[in-house]
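Report on the structure given below.
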Amino acid sequence: MNKRSSGILLHPTSLANEYPIGDLGSAATAFADFMVESGQRWWQMLPVGPTGGGNSPYQSPSAFAGNPLLVSPDRLVEQGLLGRQDIEPPITRSEGKVNYLAAARLKLQCLKKAFENFEKNRHDDRQPELDAFVRAESLWLEDFSLFSAIQGKEGTSDWTRWNKELRMRKPNAIIHAQKYFAKDIRYHKFVQWQFSVQWNELRAYCNSRGIGLIGDVPLFVAHQSADVWSHPELFKLDVVGNPTVVAGVPPDYFSKTGQVWGVPVYRWEALQEQSYSWWIERLRTAFGRFDVNRLDHFIGFVRTYEVPAQAKTAMNGQYHPGGGASFFEAAREALGLLPLIADDLGAKTPEVVALLDQLQIPGTKVLQFEFGSNLESNSGPPEQHPMKSVVYTGTHDNDTTAGWYRKLPSTQRQALQKQLGANNREVIWAVIREAMASQAETAIVPAQDLLELGSEARMNFPGIAKGNWQWRLKDGALTQELAQRLRSVTITHGRLMSGEPRPALLDIRR
């Protein structure tokens, strides 16, 4: 990311199609075409792993796996794994929203049928491809597939409630489970292979058109995950396997009582004793999917805010050291180039600033925050951003820019209009132009802001467990007129992509 460029933040679940959830099918390639037409270089997404509680992509049962709900039934048909008759009639979705329950029912039904067809028809021409995938991803895939199979049998992903022998991963119990659940394990491996096949096709298409993919790596993993079950020594747990402390953030802009995330905290000394191998493999997987990756809650790599596991608020937590420079040095030694973006929002200590400088990783700037503080103090427009940074109008955790603007007191709305030289109807695109005009090398605009949508299109309300991650594009929303408008702004501020096809930006091999 060493040239002026720009992109769009849009999670694949938000794509419009005939199914209850967006996926990796034709709508994804159509969005890539829209990006080319509008002159954008970067498609940024949220984490693409299986979702956990509240359908959050940041609470996944695996730090490595792909989300089965993103697998396109249409692509399964194209591969000869499904017949069109195998897909039940599309379920009417709530306009503008993901229907996760309907999506799970439809997509998993399709995947199970595709798996049955694959096994019944003995696709000998593709079996070596599946076998190669299983070998390449064995470091995480074996545990994840077994975890998923046991979860289906036990009826819960809370592994602390499983049979004690399985909970403690006793060797004989694991061997028995691998035999007993052999077909289920093969199914979960098949699903992950199909996610990989479709993902690689989409990435190749985007890269061939000059578009890079920006991924998102959550710092933490869910307690009810294959990772914590298979590597309990890497987390602060009690003898049963429950967290003794959980991660969170102290009171801030988003919450007066802070946030209790409920996820277990790393034992960084244990990770270091293992040469950070688990985290390095996690980054290797991320770079196998994306050209650049955003590190969520980067500050947590320097220090983690730990809250007692039973606490209702984060008012009384404490900071403890994270992996810091030692981890990143090990990752660079193992993987080489690390194209990363640091989500460094929050209270930055001198140690955080020093680590960013040492790693030369671009930080994050959010115009809503910067305008907000300046409007209150009437101190003028935001300060110029460093070149090595990524500027956003807002992120998935913010209200949309239109929603944010409409909630401002009238005096602050007027102050913002004055700063931007825009009237009430022009403000949203004036903020977009402000991001594009920034000195920051990269500018990212959420799709909701391009469409000037209000709070109804907000992706996430931090601290609220329900009703998030549901927003979807409406059919036909991404018009040619919109593409040309965005392209014009992109050209004006020197961010137009060259349009020259290029191979994948990064290839980190085992």
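Read the figures in this text as sums done on the coordinates, not as results from a lab. What you see is a predicted model, and the numbers here were worked out from it, not measured in a lab. Please note: Cβ atoms are built from the backbone with ideal geometry, for glycine as well, and neighbour counts cover all protein chains shown.
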Restricting attention to segment 35-46, does a residue exist that is charged (D, E, K, R), under 24 Å from residue 192 (Cα atoms) and crowded, with 22+ Cβ neighbours inside 10 Å?
no
Scope segment 141-186; condition farther than 20 Å from residue 130 by Cα, free of Cβ contacts under 8 Å to residues at least 60 places away in the same chain and of a type in the set (D, E, K, R); matching residues
153, 154, 161, 164, 165, 170
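Tell me, please, whether a residue that is touching a residue at least 40 places away in the same chain (Cβ under 8 Å), in contact with a strand residue (DSSP E or B) (Cβ under 9 Å, 6 or more places away or on another chain) and either of a type in the set (S, T, N, Q) or assigned to a loop (DSSP other than H, G, I, E, B) (or both) can be found in segment 194-211.
For segment 194-211, residues touching a residue at least 40 places away in the same chain (Cβ under 8 Å), in contact with a strand residue (DSSP E or B) (Cβ under 9 Å, 6 or more places away or on another chain) and either of a type in the set (S, T, N, Q) or assigned to a loop (DSSP other than H, G, I, E, B) (or both): present.
What about residue 238, is it of a type in the set (Asp, Glu) and closer than 30 Å to residue 24 by Cβ?
So residue 238 does not fit the description; no.
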Would you mind telling me which numbered condition in (1) farther than 21 Å from residue 389 by Cα; (2) part of a helix (DSSP H, G or I); (3) hydrophobic (A, V, I, L, M, F, W, C); (4) touching a residue at least 60 places away in the same chain (Cβ under 8 Å) residue 278 fails?
(4)
Could you grab me the full set of residues in segment 418-428 that are of a type outside the set (D, E, K, R) and farther than 17 Å from residue 449 by Cβ?
419, 421, 423
What residue, among those in segment 292-310 that are in contact (Cβ under 8 Å) with a residue 12 or more places away in the chain and not in a strand (DSSP E or B), is farthest from residue 331 (Cα to Cα)?
309
Where residue 307 falls short, out of the listed (1) touching a Pro at 6+ places or on another chain (Cβ under 7 Å); (2) of a type in the set (A, V, I, L, M); (3) crowded, with 20+ Cβ neighbours inside 10 Å
(1)
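Let's see how each residue does on (1) of a type in the set (Lys, Arg); (2) in contact with a Leu (Cβ under 9 Å, 6 or more places away or on another chain); (3) buried (at least 18 other Cβ atoms within 10 Å of the Cβ):
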{"residue": "208", "(1), (2), (3)": "no, no, no"}
{"residue": "238", "(1), (2), (3)": "no, no, no"}
{"residue": "256", "(1), (2), (3)": "yes, no, no"}
{"residue": "266", "(1), (2), (3)": "no, yes, yes"}
Given the conditions (1) under 21 Å from residue 468 (Cβ atoms); (2) within 18 Å of the chain's Cα centre (by Cα); (3) surrounded by 21 or more Cβ atoms within 10 Å (Cβ to Cβ), every one holds for residue 54 apart from (3)
Among (1) crowded, with 17+ Cβ neighbours inside 10 Å; (2) free of Cβ contacts under 8 Å to residues at least 40 places away in the same chain; (3) small (Gly, Ala, Ser) - the single one residue 323 does not satisfy
(2)
Looking across segment 291-332 at residues that are acidic (Asp, Glu) and under 30 Å from residue 41 (Cα atoms), the single one that is farthest from the chain's Cα centre (by Cα) is 329
Does residue 430 satisfy the criteria of being more than 16 Å from residue 363 (Cβ to Cβ) and touching a residue at least 24 places away in the same chain (Cβ under 8 Å)?
no
Do we find that residue 311 is out of contact with any Lys or Arg (no Cβ under 6 Å at 6 or more places or on another chain) and under 23 Å from residue 392 (Cα atoms) in this structure?
no
If you go through 132, 114, 136, the only one that is loosely packed, with under 15 Cβ neighbours inside 10 Å and either in contact (Cβ under 8 Å) with a residue 60 or more places away in the chain or of a type in the set (Val, Ile, Thr) (or both) is 136
